[in-house]
Structures are given as structure tokens and as C-alpha cells.
Amino acid sequence: MHPSRRRKSTTANRGSLRKQLIGRWNVVSMEALNGDAVEYPMGRNVTGVITYDHTGHVDVQIMRGDRPRFASGDVDGGTLAELSAAVSGYTAYFGTYSVDESAGVVTHHVAGSLFPNWVGTEQRREISIHGDQLRLTSPPILFNGQLRVFRVSWKREE
């Protein structure tokens, strides 16, 4: 069966994609696809949440599970290396969202982001929902000097 037909039949049985998205989801994996190669930019011990609310707001936070702590214990006292590791091991943004039901796509309208270049942008993601599993797939994004497609899998929080 063609993937778009499967998506439509799934949503027909459970309501609109927008309604299915509403809630809090915990990250299961974050993959960066580079041709046939699969990389794990946040490691395999990734943690995070995405929340879609009924008013149209979205919040995303994803981090490496093995980020090193600051030696000083001071919130504002990290060394340049510690600060670099903290930022490169964390991604977060918030804003509003809209869903294109026919295309199976959610667009995040970014109001604030740890990555300043995303502020004021639209981040489009293909949606795949099967039961309590959500997969969001990005168009190619420049990461570490190369374009990569990001695929993030989530599980609905109970």
C-alpha cells in the first residue's frame, strides 16, 4: 500500500492528524540520514519531549543523555568547552503549529529557538502516526557542513 494511503486510512480511523498530535510525546530516537548512512547526532541515549497543545502551540526539547556537567557547578560559570558541549548537545524551540491534513505535514512556526537562525522560520515535518508512535521527518537541513534529513521518533506519554 502506498504510504499516503496508509496515513489517510490511519487518520480516518482515529480523527484528524491535528487531533492525533495533541499531547506530550517522549523522544525514542533521533537519526540524521546522509544518503544510506544513519547517524545519531545526539547519541543513542537521547532524551526529550515535544508537546502539541489544543491552542496550536508547540514546544520541543531534545538533548544528549551524556552531556557533561559543568565542573564549577555554577549555572553561569561554564568554560568555553563546557558551554560548547552544552549547546551542541541540546536543541530546543517553541512557537505555534499548523497541520496540512492532505499532505500529512506539520509546520512549526518558530518564535524562539536555541539555534538563532530558526527564529521566525517555518520548520516543516512529515508526520507518520501509528498507535502511540509518532515519527517526524524533516526536509534536508544543513548540519555539520552537510545536508541531512532528520527523522525523530516519539512515543506518546501516558
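The values are calculated or read from the model by the stated rules, or taken from the named source; none is laboratory data. Owing to the predicted nature of the structure, the values given are computational and were not obtained by experimental measurement. Every residue, glycine among them, receives a Cβ derived from its backbone with ideal geometry; neighbour counts consider all protein chains shown.
Pairing each residue of the range 48-70 that is farther than 19 Å from V28 by Cβ with any residue that is outside any loop (DSSP other than H, G, I, E, B) and not hydroxyl-bearing (S, T, Y), provided the two are 6+ apart or on different chains, yields C-beta distances under 6 Å for P68/A85; F70/E82. Looking across the range 5-22 at every residue that is exposed (fewer than 14 other Cβ atoms within 10 Å of the Cβ) and part of a helix (DSSP H, G or I), the one that is modelled with the lowest pLDDT is identified as S9. Filtering the range 31-65 to residues that are charged (D, E, K, R) and either farther than 16 Å from Y93 by Cα or in contact with a Ser or Thr (Cβ under 9 Å, 6 or more places away or on another chain) (or both) leaves E31, D36, E39, R44, D59, R64. Those residues that are touching a Ser or Thr at 6+ places or on another chain (Cβ under 9 Å), surrounded by 14 or more Cβ atoms within 10 Å (Cβ to Cβ) and not in a strand (DSSP E or B), I need them from the range 116-133; list them, please. T121, the sole residue that qualifies.
Could we say that R156 is within 14 Å of Y52 (Cα to Cα), basic (K, R) and touching an Asp or Glu at 6+ places or on another chain (Cβ under 8 Å) here? Against the criterion (within 14 Å of Y52 (Cα to Cα), basic (K, R) and touching an Asp or Glu at 6+ places or on another chain (Cβ under 8 Å)), R156 qualifies.
Taking each residue of the range 34-47 that is free of Cβ contacts under 8 Å to residues at least 60 places away in the same chain and looking for partners that are surrounded by 12 or more Cβ atoms within 10 Å (Cβ to Cβ) and assigned to a loop (DSSP other than H, G, I, E, B) with beta-carbon atoms closer than 7 Å, six or more apart or interchain, yields M42/G89; G43/G65; G43/D66; N45/G65; N45/D66; V46/G65; T47/G65.
Of everything listed in (1) loosely packed, with under 14 Cβ neighbours inside 10 Å; (2) small (G, A, S); (3) at pLDDT 95 or above, the single unmet condition for A92 is (1). Could you go through the range 25-32 and let me know if any residue there is surrounded by fewer than 16 Cβ atoms within 10 Å (Cβ to Cβ), of a type in the set (V, I, T), in contact with a strand residue (DSSP E or B) (Cβ under 7 Å, 6 or more places away or on another chain) and under 27 Å from E158 (Cα atoms). Checking the range 25-32: at least one residue is surrounded by fewer than 16 Cβ atoms within 10 Å (Cβ to Cβ), of a type in the set (V, I, T), in contact with a strand residue (DSSP E or B) (Cβ under 7 Å, 6 or more places away or on another chain) and under 27 Å from E158 (Cα atoms).
Do we have G65 as surrounded by fewer than 12 Cβ atoms within 10 Å (Cβ to Cβ) and either basic (K, R) or modelled with pLDDT under 95 (or both) here? Spelling it out, it is not the case that G65 is surrounded by fewer than 12 Cβ atoms within 10 Å (Cβ to Cβ) and either basic (K, R) or modelled with pLDDT under 95 (or both).
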